[in-house]
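A quick write-up on the structure given underneath.
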Amino acid sequence: MSAPLIPPLFISHGAPLFALDPGTTGPALTRWGRGLREIAGDSLRGIVIMSPHWMSRRPAVMTGERPETWHDFGGFPAALYQLQYPAPGHPALAHEVLARLKDAGIEAQPDAGRPFDHGAWVPLMHLFPQADVPVVQVALPAGAGPAEVLAMGRALAGLRAEGVLVVGSGSMTHNLAEFFGGEREPLPYVLEFSRWVEDAIARRDVQALLDYRTRAPHAQRAHPSEDHFLPLFFALGAAGWDEEGGALPDYLSREVMYGMLAMDSFALTRRAAA
């Protein structure tokens, strides 16, 4: 019996406090991860995840066997620094990732010492709390744009049929200059930007999404820098979204935290043509 085709995920990981304050998004991820285990069973052999908190001059791939949990932030409650996510690495899978990227004309370098940054371990704590699924992290190349990150995801699309979950971990909106803490109603621009993106993905409007910084409402305010939006394209590329019959999103969350952090998260599942 062949392994099921595992849908890629885009996860908004929000602020580091997401580890302690899961809102409704954390439980939604836990339910989805539990459902994936039931469907995939022993065929789930690993996770490949891109986080904007690892940026490198050129593409890079984590190859270590036991990556450490890195608390790459400051000024948060002490309990946050006690958390650990001891998932194993997967050197063999990492070298498969390196080979697939190379086959696509993307030269990447191995990094055996790379730890898990919070853009990886915080959402994975909710997705697979047991930390028993091996994880390989992929760096976001500095200076890459949406088309380049889409191509990186597309190069890894074949892993879906080989028991690998591909994850883009970023944030649907990410203007931390507006982060003042406390619960507030979602700011209107956050909803307008997020729903524009949802609509563009649903319509498979590749050009509009690639050119989101000039076409999407409030794009510059939602993302003063692109880094937290770009992992979206990694997930879309792995899903074949930009191809005829490619996968479209099933939303797990449209929550907004702190009024300005859209926590949109979704699985990309293949849909029948209309």
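Observations
- In the stretch 261-274, the residues that are in a loop (DSSP other than H, G, I, E, B) and at pLDDT 95 or above: MET263, ASP264
- Pairs linking a residue in the stretch 11-34 that is at positive phi to a residue that is among the hydrophobic types (A, V, I, L, M, F, W, C) and in a strand (DSSP E or B), with Cβ atoms under 6 Å and 6 or more positions apart or on different chains, are GLY14/MET257; GLY14/LEU261; GLY23/MET257.
- The residue of the stretch 69-83 that is surrounded by the most Cβ atoms within 10 Å (Cβ to Cβ), among those that are of a type outside the set (A, V, I, L, M, F, W, C) and free of Cβ contacts under 8 Å to residues at least 24 places away in the same chain, is TYR81.
- The single condition among (1) within 14 Å of the chain's Cα centre (by Cα); (2) in a loop (DSSP other than H, G, I, E, B) that GLY246 does not meet is (1).
- Residues satisfying the stated conditions in the stretch 134-159, i.e. surrounded by fewer than 18 Cβ atoms within 10 Å (Cβ to Cβ) and either modelled with pLDDT under 95 or under 16 Å from ARG57 (Cβ atoms) (or both): ALA142, GLY143, GLY145, GLU148
- Qualifying positions in the stretch 1-24 - at pLDDT 95 or above, under 25 Å from LEU156 (Cβ atoms) and not hydrophobic (A, V, I, L, M, F, W, C): PRO7, PRO8, SER12, HIS13
- Screening ALA200 on (1) in contact (Cβ under 8 Å) with a residue 24 or more places away in the chain; (2) within 30 Å of VAL136 (Cα to Cα) shows it passes everything except condition (1).
- Scanning the stretch 1-22 for residues that are touching a strand residue (DSSP E or B) at 6+ places or on another chain (Cβ under 6 Å) and of a type outside the set (Val, Ile, Thr) yields a count of 7.
Results for (1) in a helix (DSSP H, G or I); (2) modelled with pLDDT under 95; (3) touching an Asp or Glu at 6+ places or on another chain (Cβ under 9 Å), shown as yes or no for each residue.
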{"position": "GLY26", "(1), (2), (3)": "yes, no, no"}
{"position": "MET55", "(1), (2), (3)": "no, no, yes"}
{"position": "PRO67", "(1), (2), (3)": "no, no, no"}
{"position": "GLY74", "(1), (2), (3)": "no, yes, no"}
{"position": "GLU96", "(1), (2), (3)": "yes, no, yes"}
{"position": "LYS102", "(1), (2), (3)": "yes, no, no"}
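- Candidates are the residues of the stretch 189-218 that are aliphatic (A, V, I, L, M) and closer than 13 Å to ALA262 by Cα; the one that is surrounded by the fewest Cβ atoms within 10 Å (Cβ to Cβ) is LEU191.
- Residue match in the stretch 170-184 (condition: outside any loop (DSSP other than H, G, I, E, B), touching a helix residue (DSSP H, G or I) at 6+ places or on another chain (Cβ under 7 Å) and touching a residue at least 40 places away in the same chain (Cβ under 8 Å)): yes
- Residue in the stretch 107-115 that is surrounded by 14 or more Cβ atoms within 10 Å (Cβ to Cβ), among the basic types (Lys, Arg) and closer than 18 Å to GLU162 by Cα present: no
- Qualifying residue in the stretch 234-251 (condition: modelled with pLDDT of 95 or more, in contact with a Phe, Trp or Tyr (Cβ under 6 Å, 6 or more places away or on another chain) and among the hydroxyl-bearing types (Ser, Thr, Tyr)): yes
- Residue count, the stretch 121-133 (criterion: part of a loop (DSSP other than H, G, I, E, B), touching a helix residue (DSSP H, G or I) at 6+ places or on another chain (Cβ under 7 Å) and either of a type in the set (Val, Ile, Thr) or surrounded by fewer than 21 Cβ atoms within 10 Å (Cβ to Cβ) (or both)): 1
- Scanning the stretch 121-138 for residues that are over 22 Å from TRP241 (Cβ atoms) and of a type in the set (A, V, I, L, M) yields VAL122, LEU124, MET125, ALA131, VAL133, VAL135.
- Residue in the stretch 31-42 that is basic (Lys, Arg), part of a loop (DSSP other than H, G, I, E, B) and either under 18 Å from the mean Cα position of the chain (by Cα) or under 30 Å from LYS102 (Cα atoms) (or both) present: no
The values are calculated or read from the model by the stated rules, or taken from the named source; none is laboratory data. A quick note: this is a predicted structure, and the numbers were derived from the prediction, not measured. Here Cβ is always computed from backbone atoms with ideal geometry, including for glycine, and neighbour counts include all displayed protein chains.
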